[in-house]
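Here the structure comes first, spelled out in structure tokens, and everything after it is commentary.
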Amino acid sequence: MANHLQLGFQDASSPIMEELVEFHDHALMVALAICSLVLYILTLMLTEKLSTNTVDAQEIELIWTILPAVVLILLALPSLQILYMMDEINEPDLTLKAIGHQWYWTYEYTDFKDLTFDSYMTPSTELPLGHFRLLEVDHRVIIPIESPIRIIVTASDVLHSWAVPSLGVKTDAIPGRLNQTSIITTRPGIYYGQCSEICGANHSYMPIVVESTLLPHFESWSSLLSS
């Protein structure tokens, strides 16, 4: 959950989000080095009288050709690695189907019989004390921790997007199409997200709440709800 005046990312709660935060810091350090070098050269050009011969400056031409290529490699290799990790779906312990509607979500636990429910935003007038306005729902998504979860995302009417920032997941919900992603939570907690596609007048009122819990608690909840 984001805090007031927060400048960075939310605390990572999945391995993918940890990798994304690490890559973000890596890219910022590369950008800082480039900006520092450019600022130094600009300052040097304004304050010093340089004597250069651009006709015979093969060395500097070689440097400003090779150096950008090295920088691109330093950015491309970690990025491609994370893209591969995000796209790879391991053997899941649980499959969850999220269906976007105007303006609520429907969840189906396909590994259980008759375990389906709609998730609506809790109105401000009915919000319990201490819960977050415009982020709380009447039925949360419950998943076990440290278990690979496959999430199949689709929509029934218009474009939606199932996004939970602290888990590093954002998947478009497209009518007539099934998009697939996966998550693994590393610790128990409650993670908030929202539809990240402008889907109509009540776009801001279809939040996502994922509650990660221990496996015995998940089994008790699923047996109670499916009975």
**Complete:** Contact list, first residue from segment 72-89 and among the hydroxyl-bearing types (Ser, Thr, Tyr), second anywhere and open to solvent by less than 70 Å² (accessible area, probe 1.4 Å), beta-carbon distance below 7 Å, six or more apart or interchain, is Ser79/Phe23
**Asked** Does Ile82 satisfy the criteria of being more than 18 Å from Arg140 (Cβ to Cβ) and either among the β-branched types (Val, Ile, Thr) or not in a loop (DSSP other than H, G, I, E, B) (or both)?
**Response** yes
**Message:** Looking for something open to solvent by 40 Å² or more (accessible area, probe 1.4 Å), touching a Lys or Arg at 6+ places or on another chain (Cβ under 8 Å), closer than 20 Å to Asp11 by Cα and not aromatic (Phe, Trp, Tyr) - is there at least one such residue anywhere in segment 184-191?
**Reply:** yes
**Request:** Test Pro68 against the stated conditions and say whether it is in contact (Cβ under 8 Å) with a residue 24 or more places away in the chain, under 30 Å from Gly168 (Cα atoms) and open to solvent by less than 100 Å² (accessible area, probe 1.4 Å).
**Result:** no
**Asked** Ser222: in contact with a Phe, Trp or Tyr (Cβ under 8 Å, 6 or more places away or on another chain), surrounded by 14 or more Cβ atoms within 10 Å (Cβ to Cβ) and either in a helix (DSSP H, G or I) or at positive phi (or both), yes or no?
**Response** yes
**Residues of segment 132-162 that turn out to be touching a Lys or Arg at 6+ places or on another chain (Cβ under 7 Å) and either closer than 24 Å to Leu225 by Cα or open to solvent by 10 Å² or more (accessible area, probe 1.4 Å) (or both), as a count** = 3
**Request:** Inspect all residues belonging to segment 92-100 and state whether any of them is open to solvent by 40 Å² or more (accessible area, probe 1.4 Å), under 20 Å from Leu215 (Cα atoms) and part of a strand (DSSP E or B).
**Result:** yes
**Prompt:** What is the one condition in (1) modelled with pLDDT under 90; (2) part of a helix (DSSP H, G or I) that Val21 does not satisfy?
**Reply:** (1)
**Prompt:** What is the residue count in segment 192-211 for residues that are buried (at least 20 other Cβ atoms within 10 Å of the Cβ) and either over 16 Å from the mean Cα position of the chain (by Cα) or modelled with pLDDT under 90 (or both)?
**Reply:** 2
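The values are calculated or read from the model by the stated rules, or taken from the named source; none is laboratory data. The model shown is predicted, which means the values in this text are computed figures rather than measured ones. Here the Cβ is made from the backbone with ideal geometry for all residues, glycine too, and neighbour counts use every protein chain on show. For accessibility, only protein heavy atoms count, side chains too; no ligands or nucleic acids. Shrake-Rupley method; radii C 1.70, N 1.55, O 1.52, S 1.80 Å.
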